[in-house]
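*Asks:* Here it is, the structure, as structure tokens.
Please treat every number below as a calculation from the coordinates, not as lab data. Since the model is a prediction, treat every value here as computed from it, not as a measurement. Heads up, the Cβs are rebuilt from the backbone with ideal geometry, glycines too, and the neighbour counts pull from every protein chain shown.
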Amino acid sequence: MVVVIVGREIAITGLRGIAVTQGIIISASRLGKYKTVFEGTSIFFLILDGGYLSLDFHPVGMVFLWIALVVAVISGADYFRKYLKSIIV
């Protein structure tokens, strides 16, 4: 999961860098912002998983992390689609 999410971050950063050199601006998408929210929420619950309040937060954190993974893949594909659309037109 981490490899996919980090790989997506590196790929999108590189893509946006290449786009800027061509005068193309690819702004942050709503999906990318949702991904960040799900990542942060998953990290919050995974950090809490340590027996606080005698509750197991790990499953909650993992659900949010899976959602973040799915949104990361979809938003990454969306960034590439936007870039390809801008260079073809």
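*Asks:* Please find, among Ser42, Ser86, the residue that is touching a residue at least 24 places away in the same chain (Cβ under 8 Å), polar (S, T, N, Q), out of contact with any helix residue (DSSP H, G or I) (no Cβ under 6 Å at 6 or more places or on another chain) and not in a loop (DSSP other than H, G, I, E, B). Give the steps one after another, and end with the answer.
*Replies:* On the way: Ser42 fails: out of contact with any helix residue (DSSP H, G or I) (no Cβ under 6 Å at 6 or more places or on another chain).
After ruling out the rest, the residue left standing is Ser86.
*Asks:* Which one is farthest from Ile12 (Cα to Cα), of the residues in region 36-89 that are loosely packed, with under 15 Cβ neighbours inside 10 Å and of a type in the set (Lys, Arg)?
*Replies:* Per the criteria, the residue is Lys85.
*Asks:* With the requirement that a residue be assigned to a helix (DSSP H, G or I), out of contact with any Phe, Trp or Tyr (no Cβ under 6 Å at 6 or more places or on another chain) and of a type in the set (A, V, I, L, M, F, W, C), what does region 55-83 give you? Lay out the reasoning, then the answer.
*Replies:* Taking region 55-83 as the starting set, the residues that turn out to be assigned to a helix (DSSP H, G or I) are 58-83.
Now drop any that are not out of contact with any Phe, Trp or Tyr (no Cβ under 6 Å at 6 or more places or on another chain), which leaves 58-59, 62-63, 65-66, 69-70, 72-83.
Answer for region 55-83, where residues must be assigned to a helix (DSSP H, G or I), out of contact with any Phe, Trp or Tyr (no Cβ under 6 Å at 6 or more places or on another chain) and of a type in the set (A, V, I, L, M, F, W, C): Met62, Val63, Leu65, Trp66, Leu69, Val70, Ala72, Val73, Ile74, Ala77, Phe80.
Listed here are the residues, each with its yes/no results for (1) within 14 Å of the chain's Cα centre (by Cα); (2) part of a loop (DSSP other than H, G, I, E, B); (3) closer than 27 Å to Ile87 by Cβ.
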site: Val6; (1), (2), (3): yes, no, yes
site: Ile18; (1), (2), (3): no, no, yes
site: Ile26; (1), (2), (3): no, yes, yes
site: Leu53; (1), (2), (3): no, no, no
